[in-house]
Amino acid sequence: MTPTTVPARPRPRGAARLLRLSRLLVFPLAAWAGGCAALSNPTASEGIPVNRLPAEVLGRPRSELQPLPLTLLRQKEPDQYLLDRGDVLSVVADEVLGARGQATPVQFVQQALGQSTKAVVGYPVPVQEDGTINLPELPPLNVRGKTLIEVQKLIAATITGGPVPGSKQIVQPGKERVLVDLLQPRKYTVAVVREDSQGAGQQSTGFGVQGGDRRGAGFTISLDAYKNDLLRALNATGGPPGLNAKNEVVIRRGQYDPADPNKGFVRIPLRARPDEPITFTEQDIILNEGDTIYIEARDTEVYYTAGLVGGAQVPLPRDYDLRALQALAQIRAPLFNGSFNQTSFIGNAVQSGLGNPSPSLLTVMRVTANNQTIPIRVDLNRAISDQRENIIILPGDTLVLQERPSEAVLRYITQTYRFTLNQNPIQTANTQLTTTFTGP
């Protein structure tokens with residue numbers, strides 16, 4: 001008999017459609033039952049949209065901060081040097097310091113770096129704690145607050161019997177030879193503690209951040225009178241604060257008082273907004289004996305990440321703003337690239353032909369000044385064109401990247417099941433089952 005091919009009975013179209021529909025309905029239910037974070041995480045549902053928040057919660061841009069002129073950190077030197085305790089004078093006074101005609105000693109004074117050596121003539125005479133000088137056969141002479149010329153006239157009047165208290169006629173008027181010069185200016189010893197010394201600081205390892213080899217440094221320096229200001233102290237110890245330190249300097253005067261912690265505490269900002277007044281005066285930047293200058297590290301100026309990008313601690317820049325999209329790009333988060341950083345996800349998305357949108361829901365957990373946490377909901381799709389939606393990231397913020405429910409369902413389907421919308425031609429041919437038999 002001739003072989004006969006009998007086609008198999010085709011499946012009813014209604015049943016095939018019902019099967020496809022049941023699969024599409026089962027997938028979202030399975031995603032929900034599997035505990036998908038995008039469908040169950042409370043940060044997404046409780047987040048407050050950006051357009052409903054006041055400006056003080058969103059923060060002011062750091063780009064508004066302008067560097068203050070460095071001349072504000074330097075004191076204005078007087079036209080003439082005014083004497084005080086700790087100064088050392090060089091005095092020539094015949095018949096008081098040496099006999100007339102006797103050779104006068106010459107002192108050589110080492111000047112600052114780059115300046116020539118200074119030579120002064122006379123005997124060294126220090127200014128005492130009470131602001132007086134002591135010369136042989138003369139009562140103590142008060143020189144505090146006087147210039148060198150005034151002291152020279154005071155000594156001359158005292159040794160010639162002039163109209164000053166305690167004067168004696170040791171030399172006839174008109175025959176006196178008195179010279180006064182500054183042999184050594186008084187000095188102020190201050191301590192400088194810096195936490196921005198040379199080192200790598202914080203280092204990124206993958207998506208996390210680990211501490212670097214940055215170490216603090218301490219200096220004890222002596223500054224001449226009228227040069228004992230903050231600018232010269234910084235220049236003597238490495239310059240203004242580095243990028244890994246706060247843009248401010250703290251000056252602590254005297255001893256710490258537990259009863260009044262703010263006593264003697266001066267904070268000098270190095271950047272300010274144009275609409276803000278300068279909060280310090282010239283007296284604040286003048287350093288006195290025993291003052292301590294503290295440059296604090298900015299290790300706490302970081303933000304944290306969670307959610308689909310994993311946990312990380314990332315340092316914030318000091319002098320410019322970092323917004324939501326830039327903060328995510330810094331840790332290589334998936335942004336508008338059509339796929340997550342998961343190999344199986346990409347493979348399934350390509351095979352399915354459905355596409356795979358990047359997560360677009362960002363929740364920024366922000367701690368306010370009164371220690372309250374505000375969840376801020378950011379739409380990344382809008383943030384690409386709306387600068388207000390692309391909020392500034394502040395120190396202490398936690399960025400939680402999530403998927404919207406539609407994105408989560410699509411990801412779950414493409415990641416868990418491999419299927420095609422259009423049937424493969426080979427599979428179509430296989431659906432036509434054939435049976436070959438030999439008749440009688």
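Bear in mind these aren't lab numbers, they're just calculated from the coordinates by the rules spelled out. In this text, all values refer to a predicted model and were calculated from it rather than measured experimentally. Glycine gets a Cβ as well: all are built from the backbone with ideal geometry, and neighbour counts include every protein chain shown.
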Of Lys76/Lys168; Lys118/Lys168; Lys76/Lys118, pairs whose Cα-Cα distance is over 29 Å: Lys76/Lys168; Lys118/Lys168
Taking a ≥ b ≥ c as the square roots of the Cα gyration tensor eigenvalues, with a/c under 1.5 meaning rounded and otherwise prolate when a/b beats b/c or oblate if not, segment 99-190 comes out oblate
In nm, the gap between the two label points placed 7 Å beyond Cα toward Cβ at Gln169 and Asn381 is 10.7
Segment 56-81 residues near the modelled Tyr320 label - backbone nitrogen below 14 Å, point 7 Å along Cα→Cβ: 62-65
What are the lysines whose alpha-carbon lies under 16 Å from the alpha-carbon of Lys175, with same-chain residues fewer than 8 places away excluded? Lys153
Would you please put 378-385, 398-405 in order of how densely packed they are, using the mean number of other Cβ atoms within 10 angstrom per residue and starting with the highest? 398-405, 378-385
Each label sits 7 Å from Cα toward the beta-carbon; between Ala272 and Ala236 the label points are separated, in nm, by 2.6
Quick check on segment 237-277: take the gyration tensor over C-alpha atoms, sort the square-rooted eigenvalues as a ≥ b ≥ c, and tell me if it's rounded (a/c under 1.5), prolate or oblate. oblate
Taking 170-176, 52-58 and ranking on average Cβ neighbours within 10 Å, highest first, one gets 170-176, 52-58
Rounded if a/c under 1.5, otherwise prolate or oblate - segment 47-105, Cα gyration tensor axes: prolate
